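Participant: After the structure tokens below, expect a handful of questions from me.
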Amino acid sequence: MKIEALTCAIGAQLSGVRLADAARDDGLFAEIKSLLLRYKVLFLRDQAMSRAEHVAFARRFGELEDHPVAGSDPEHPGLVRIYKTPDAPNDRYENSWHSDASWREVPPMGCVLRCVECPPVGGDTMWANMALAYEKLPEQVKALIAPLRARHSIECTFGAAMPIEKRLALKQQFPDAEHPVVRVHAETGEKVLYVNGFTTHFTNFHTPDNVRYGQDFTQGASSLLQYLISQAAIPEYQVRWRWQPGSVAIWDNRATQHYAVMDYPPCHRKMERAGIVGTPTA
């Protein structure tokens, strides 16, 4: 297996390996998992995997989960179909920096995403190293956010375009989750900046230390949150991947955010993703 780092911050491309083989080979899988913890996102080309092999490999990391809005393949539960077509030009849920399903009480550990069909140009995906984003924050900001917690919502993102009855039902099924602003990675011990496009507000900012007057809370907290969310957009923390049919990306959802670039309508872009159940953030 050949390993090629793609940037100084995040990402490596693997060649000379088949993920279908890694699903059955303990040693090979262990090596890939170790590389994932190191590089945070791994990329492979020309993976002629069946859906069953895709699911089998992803399940080596843990159990898989469905998505309440994006449908799964009926024969392979947990294999979510992210199909973008010219018939739905306003389906733009992905083009925001986010950590998958942080609106869950227990967000996914990671994902294995396979390209089925993509535009000849465009439709790239970017990832950002949020452990590095935390590390590079000013020390005074680290001290301020150390005790903070924040809410993450599916209602105001995936639910926003739904009729009110469906939106409220979605929120009842998935109430806003609360997570620490600085998450500790369960396997590496790294501190990770854990706010993203699903994050709505801090839940414990309004204290005498932080708030003197109303402006300190309403403007101060929201400005701080937007500043933290914006860290994913810093190019020095990123890698960008150009898809081809048969390409695969494997990422650690605990330590990264990603952004699907929607610059390709009216083309088709068909991706299939296996999301792996995670562990509590705190």
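The values are calculated or read from the model by the stated rules, or taken from the named source; none is laboratory data. Just so it is clear, the model here is predicted, and its values are computed rather than measured. Neighbour counts run over all protein chains shown; Cβ positions are idealised from the backbone, glycine included.
Participant: Return the pairs, sorted by first residue and then second, in which the second residue is modelled with pLDDT of 95 or more and basic (Lys, Arg), the first residue lies in segment 258-282 and is closer than 24 Å to residue 238 by Cα, the beta carbons are less than 6 Å apart, and the residues are 6+ apart or on different chains.
Facilitator: 272/114; 281/183
Participant: Residues of segment 185-208 being under 26 Å from residue 40 (Cβ atoms) and in a loop (DSSP other than H, G, I, E, B), which ones?
Facilitator: 185, 186, 187, 188, 189, 190, 194, 195, 196, 197, 198
Participant: Right, next: Looking at segment 36-74 only, could you name the residues that are closer than 12 Å to residue 272 by Cβ, part of a loop (DSSP other than H, G, I, E, B) and acidic (Asp, Glu)?
Facilitator: Hit for segment 36-74 is 73, nothing else.
Participant: A further question follows. Collect the residues in segment 143-184 that are of a type in the set (Lys, Arg), part of a helix (DSSP H, G or I) and either without any contact (Cβ under 8 Å) to a residue 12 or more places away in the chain or closer than 28 Å to residue 249 by Cα (or both), keeping them in residue-number order.
Facilitator: The one that is of a type in the set (Lys, Arg), part of a helix (DSSP H, G or I) and either without any contact (Cβ under 8 Å) to a residue 12 or more places away in the chain or closer than 28 Å to residue 249 by Cα (or both): 166.
Participant: Name the single residue that is surrounded by the fewest Cβ atoms within 10 Å (Cβ to Cβ) among those in segment 231-268 being more than 20 Å from residue 117 (Cβ to Cβ) and over 15 Å from the mean Cα position of the chain (by Cα).
Facilitator: The qualifying residue surrounded by the fewest Cβ atoms within 10 Å (Cβ to Cβ) is 235.
Participant: Which of (1) under 20 Å from the mean Cα position of the chain (by Cα); (2) under 26 Å from residue 69 (Cα atoms); (3) surrounded by 13 or more Cβ atoms within 10 Å (Cβ to Cβ) is the odd one out, the single condition residue 160 does not satisfy?
Facilitator: Result: residue 160 fails condition (3) only.
Participant: Do we have any residue at all in segment 112-126 that's within 15 Å of the chain's Cα centre (by Cα), outside any strand (DSSP E or B), surrounded by fewer than 19 Cβ atoms within 10 Å (Cβ to Cβ) and at pLDDT below 95?
Facilitator: No: segment 112-126 contains no residue that is within 15 Å of the chain's Cα centre (by Cα), outside any strand (DSSP E or B), surrounded by fewer than 19 Cβ atoms within 10 Å (Cβ to Cβ) and at pLDDT below 95.
Participant: Give the residue that is farthest from residue 33 (Cα to Cα), with candidates limited to residues of segment 186-219 that are aliphatic (A, V, I, L, M) and under 28 Å from the mean Cα position of the chain (by Cα).
Facilitator: Step by step, filter segment 186-219, then rank; the result is 195.
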